[in-house]
1. Determine the alpha carbon to alpha carbon distance for each of LYS105/LYS314; LYS398/LYS456; LYS174/LYS314; LYS222/LYS314; LYS21/LYS333; LYS174/LYS209 and list only those over 28 Å.
2. Once you charge only the Cβ atoms, +1 for Lys and Arg and -1 for Asp and Glu, what is the size of the charge dipole of region 4-298 about its Cα centre, to the nearest 20 debye?
3. Could you put CYS26, CYS101 in order, starting from the residue whose Cβ has the fewest other Cβ atoms within 10 Å?
4. For region 106-114, in order, what is each residue's ³J(HN,Hα) by Karplus, 6.51 cos²θ - 1.76 cosθ + 1.60 with θ = phi - 60°, in whole Hz (x at glycine and Pro)?
5. Once you order the gyration tensor axes a ≥ b ≥ c over the Cα atoms, which shape class does region 330-401 get: rounded for a/c under 1.5, otherwise prolate or oblate by comparing a/b with b/c?
6. Could you tell me the distance between the Cα centroids of region 123-137 and region 159-185, to the nearest Å?
7. Give me a comma-separated list of calculated 3J(HN,Hα) values for region 209-219, in order, Karplus coefficients 6.51, -1.76, 1.60 applied at θ = phi - 60°, integers in Hz, x for any Gly or Pro.
8. Give the separation of the Cα centroids, region 214-256 to region 284-351, in Å.
Amino acid sequence: MPEWEPVIGLEIHTHLKTRTKMFCRCEAGFGAEPNTRTCPVCLAHPGALPVPNERAIEWTIKLGLALSCRIADRAVFHRKNYFYPDNPKGYQISQYDEPLCIDGKMSVPGADGDTEIGIIRAHLEEDAAKTIHVGGATGRIVGAAHSNVDFNRSGTPLVEIVTQPDIRSADEAKRFLQLLRQTIVELGISDAEMEKGTLRADANVSVRKQGETGFRTRTELKNMNSFNHIARGIDAEIRRQIQVWESGGEVVQQTLDYEVKSDTVTARRRKEEADDYRYFPEPDLVPIEPPRDLVERLESELPELPGVRIQSLKELVGFESALDLVSTGNERKARLLVEHGLDWTTAANVAMNQLAAIDPLPANGPALVELIKQRERITREALTDSFASSATTIIDVKDVLAQTVVGDASELEPLVDRILAASAAQVESYRGGKQGVLGYFVGQVMKETQGKADPKIVNELLRKKLDS
Ligand SMILES: [Zn+2]
């Protein structure tokens, strides 16, 4: 049977976290009461004039540079015409054939080396308002009793990033998105949170036989709200397309939704032809001509990018851990521990597990390392408490070590003897075959030592005495 090769391209939208919207001075942001952040511009009143947000333009250039794009000398805002209730202007201000950032690439590290994914463009546009469908079971328009429109989102600056169809597996798509998201977050231009809708991704998927050079018909997968769902959705669509081709059918160009529960895709609407948006230059805005010194300054401000750091980290902790550390933001914690003398393997482990949801104060670095090195001597509870408090208070190592585990058998033996002597009835029933009574004795020892006794040693001691 011929081998099939998936061909995947991604389209990513991310909200910029500027204080104000793209073309007006309304506050941008997530979570306010509906329709409290609006003005004539973002409500689309006739005659209202847009004024571009300078910060949003700078941040888009910054992202473009991080993606190795060429920054256009001249970029033009266009009107993209379409009708929808959340778009009462009848058009969206977007960029068309002269976008701000062109021809980039991003290296996606993999276990077997890197893959370079081409970036066709990154451009700036405004988001539409948000339609909320009320009364249906699914939250979609089908079955809803009525729909409300919230204009708080209307006019939020949005960057659209379009990749080349260079991605060859669902897993690679997921890694690309993880890395892109982390890059966006580290540039400080967006929170890029899928659950809040500040990062959204659609996938164009087709398959072809190994060795084919052209592309077959592709479909567009929408409505996926986590990286895992995107990967699973792409996999489901690849399976479906292979099945269609192999059974003698033909893949039809269409938009699909991924249904998590059934792990299948369902058709949304059939695309007979490309949408015709009748783009034309926005007459109310002049072209953007980014000065060279601005571009140079933004380039000089770029931090060391996540992909580069994964490269160096994978030599120290292996590829999977390196990817995890960097893409979850736990890397900083591991570096803090290493800086104060912990080995990389232990540091990576602690950063991704015990400290995963905790953001320790940098000043706690030495104390954390000391406690981790001595963790055999500390009760689990004391260690957990110290980790948790490391985000807000300075840890006193001496104080924590005072709550050390009593693991010395000679120290525990007299106590065990005393408890057994005082529990004749329980000893008898244990020796009569009721093994479960052992838990009672362990409990007594823990109570007497205020939880500091090493349970393993206590168990050993008790068995030795009771079974003899
Ligand atoms: Zn406004």
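1. LYS222/LYS314; LYS21/LYS333
2. 520 debye
3. In increasing order of surrounding Cβ atoms, one gets CYS26, CYS101.
4. 9, 8, 10, x, x, 4, 9, x, 9
5. Verdict is rounded for region 330-401.
6. So the separation of the two Cα centres works out to 23 Å.
7. Working through the residues one at a time gives 6, 3, x, 5, 9, x, 10, 8, 4, 10, 10 Hz.
8. Using only Cα atoms to place each centre, the spacing works out to 33 Å.
Only the coordinates and a few stated rules stand behind these numbers; no lab work does. Treat the numbers as computed from the prediction; the structure is a model and nothing was measured. Because the Cβ atoms are built from the backbone with ideal geometry, glycine has one as well, and the counts that use them run over all protein chains shown.
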